[in-house]
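Here's the structure, in structure tokens; my notes come after.
The values are calculated or read from the model by the stated rules, or taken from the named source; none is laboratory data. Everything numeric in this text was worked out from a predicted model, so none of it was measured. Neighbour counts are summed over all protein chains in view; Cβ atoms, including those assigned to glycine, are modelled from backbone coordinates with ideal geometry.
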Amino acid sequence: MINLPPEFIQRMQAQLGNEAEEFINALDRPSPTSIRLHHLKGRSSFELNEKVKWCDTGYYLETRPLFYLDPHWHAGAYYVQEASSMILDDVIRQLKLDDQPRIWLDVCASPGGKTGILAKHLGPGDVLVANEIVGQRRTILRENLTRAGFLNTFISGEPASSFTDPFADILLIDAPCAGEGMMRKEPEAIRQWAPSLVQSCSLMQKQIVSDAVNALKVDGFLIYSTCSYSMEENIQNVAYFCEKHQLTCVPLLFPDDWGISTLQQGDYVGYQLYPHKVKGEGLFISVLQNTSTEEPKYRKSRKPFNLFESVPDWMAPHINTPESRRVRKNSLQNQFLTAGAEAKANEVLMNIPRAECLAEAGELKGRDFVPSHALVMAGAQHLDYAIVPVDLSAALDFLERTTTSLPSVINRGWYVISFEETLLGWAKYTAQGWKNHYPMNWRLRDRNKK
């Protein structure tokens, strides 16, 4: 029997009434396991039978496998993601966005699950910024997004208070919270819970949104979410945001059989996923639109500039469709994006100069080109690079950063190692044999642990 704090039980009884007992019983049931396939390179080693209702690339698994033994996971072909959080996919679909180029800003992005859903909805001229102020969490974010190979995506580590000018069309704030929705999945959420934590989180959320909303353009959308149940962190905060910042709630419609609850406070509306009503954990989400009639105020220079250039001749043999790419000038590892996103990328860098493109081509070392792991994760390497398919055992050996199982080849040079058509990384065949270039910090460790 789950040991919930008495004050938490009292709060949920007041909030849910007759449903409270069913809610508490649901927290005693096992937490479901779910994954979201990559929208471009989605594959897994599992049988996928039951779909997540609100996400067409989301699936439940019957049991929780050892994901680190699946090469597809290492290559970002899917992301292990809690099912309720995938509701973001349907929320964006309901916004019915046109094909006007946009800037998407994920303010509290780590570990990157919701960022991946935003990336699924990018248009050809769109740019996505994944921001995470905490350095250690930003490292995890970069790793997850690099594995996924998202193009036209930036990583940044700015405080929300640094976003002084309106430049974002879509603002996602998956705010730090009291974590009530994770109590079944993470026992630490039970141990740390207290009414004072709820109050402090509510205040912190107000501050984050009040700072970050300055980045939202007129008519732009703010998507606010938490993994909590408390009214203070959710619908009461939504009311506060709307009243203080000239925002208007955008109503959403979900099928009845999805089990999503509508929370209303006057004109303000949000949506709650409860574990006794959905196959997932607790999550709150609301969409607000900037309906301000005030003239936007800019503190930073609006003078246009261009920080990108065409792919240089020496790089063209290494990157696919070089004529459709743009390289950031003087960037480490030659960061790149697609030509259609150049205008919005410059707009991002006007507002976040320290932001870095996620996609990197690689670098020249002497006269030799050393391709980046990010290049192959994006599938953007030149098609002249040969692909070496390997079986499961050899794939896991490669991910451990060994070369003993790689097959023989004739010509020296760079090769892409793949497993069941999923690209895993680079290996170079030299006069001394194979050299494994899988990132050292990401290598598979303790393969035989249980």
task = Say whether the condition of being of a type in the set (D, E, K, R) and under 19 Å from the mean Cα position of the chain (by Cα) is met by at least one residue in region 48-57.
result = yes
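Yes/no matrix, rows are residues, columns are (1) acidic (Asp, Glu); (2) surrounded by fewer than 17 Cβ atoms within 10 Å (Cβ to Cβ); (3) farther than 27 Å from residue 138 by Cα:
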{"residue": "327", "(1), (2), (3)": "no, no, no"}
{"residue": "342", "(1), (2), (3)": "yes, no, no"}
{"residue": "345", "(1), (2), (3)": "no, no, no"}
{"residue": "366", "(1), (2), (3)": "no, yes, yes"}
{"residue": "374", "(1), (2), (3)": "no, no, no"}
{"residue": "395", "(1), (2), (3)": "no, no, yes"}
{"residue": "398", "(1), (2), (3)": "no, no, no"}
{"residue": "418", "(1), (2), (3)": "no, no, yes"}
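Return the residues of region 265-286 that are touching a Gly at 6+ places or on another chain (Cβ under 8 Å) and either more than 18 Å from residue 209 (Cβ to Cβ) or assigned to a helix (DSSP H, G or I) (or both); say none if nothing qualifies.
Going residue by residue through region 265-286, those that are touching a Gly at 6+ places or on another chain (Cβ under 8 Å) are 272-275, 277-278, 281-286.
Within region 265-286, 272, 273, 274, 275, 277, 278, 281, 282 meet the criteria.
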ask   = Failed condition for residue 211, given (1) touching a Lys or Arg at 6+ places or on another chain (Cβ under 8 Å); (2) surrounded by fewer than 24 Cβ atoms within 10 Å (Cβ to Cβ); (3) in a helix (DSSP H, G or I), with all others met?
value = (1)
message = Return the residues of region 38-96 that are basic (Lys, Arg) and closer than 24 Å to residue 379 by Cα; say none if nothing qualifies.
response = 41, 43
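Report, by residue number, each residue of region 287-332 that is of a type in the set (A, V, I, L, M), over 30 Å from residue 180 (Cβ atoms) and in a strand (DSSP E or B). Steps first, please.
Step one: filter region 287-332 for residues of a type in the set (A, V, I, L, M), giving 287-288, 307, 311, 315-316, 319, 327, 332.
If we keep only those that are over 30 Å from residue 180 (Cβ atoms) as well, we get 307, 311, 315-316, 319, 327, 332.
Of everything in region 287-332, those that are of a type in the set (A, V, I, L, M), over 30 Å from residue 180 (Cβ atoms) and in a strand (DSSP E or B) turn out to be 319, 327.
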query = Among the residues of region 230-264 satisfying the criterion of being of a type in the set (Gly, Ala, Ser) and under 20 Å from residue 208 (Cα atoms), which is surrounded by the most Cβ atoms within 10 Å (Cβ to Cβ)?
reply = 230
ask   = Taking the stated definitions as given, is residue 388 under 29 Å from residue 321 (Cβ atoms) and modelled with pLDDT of 95 or more?
value = yes
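Yes/no matrix, rows are residues, columns are (1) out of contact with any Gly (no Cβ under 7 Å at 6 or more places or on another chain); (2) closer than 30 Å to residue 135 by Cβ:
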| residue | (1), (2) |
| --- | --- |
| 324 | yes, no |
| 341 | no, yes |
| 352 | yes, yes |
| 363 | yes, yes |
| 367 | yes, no |
request  = Considering (1) touching a residue at least 60 places away in the same chain (Cβ under 8 Å); (2) under 17 Å from residue 176 (Cα atoms); (3) surrounded by fewer than 17 Cβ atoms within 10 Å (Cβ to Cβ), say which one residue 218 fails and leave the rest.
outcome  = (2)
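Kindly provide the set of residues from region 176-194 that are assigned to a helix (DSSP H, G or I) and in contact with a helix residue (DSSP H, G or I) (Cβ under 6 Å, 6 or more places away or on another chain), ordered by number.
Applying the first criterion (assigned to a helix (DSSP H, G or I)) to region 176-194 yields 180-182, 187-192.
Those that are assigned to a helix (DSSP H, G or I) and in contact with a helix residue (DSSP H, G or I) (Cβ under 6 Å, 6 or more places away or on another chain): 182, 189.
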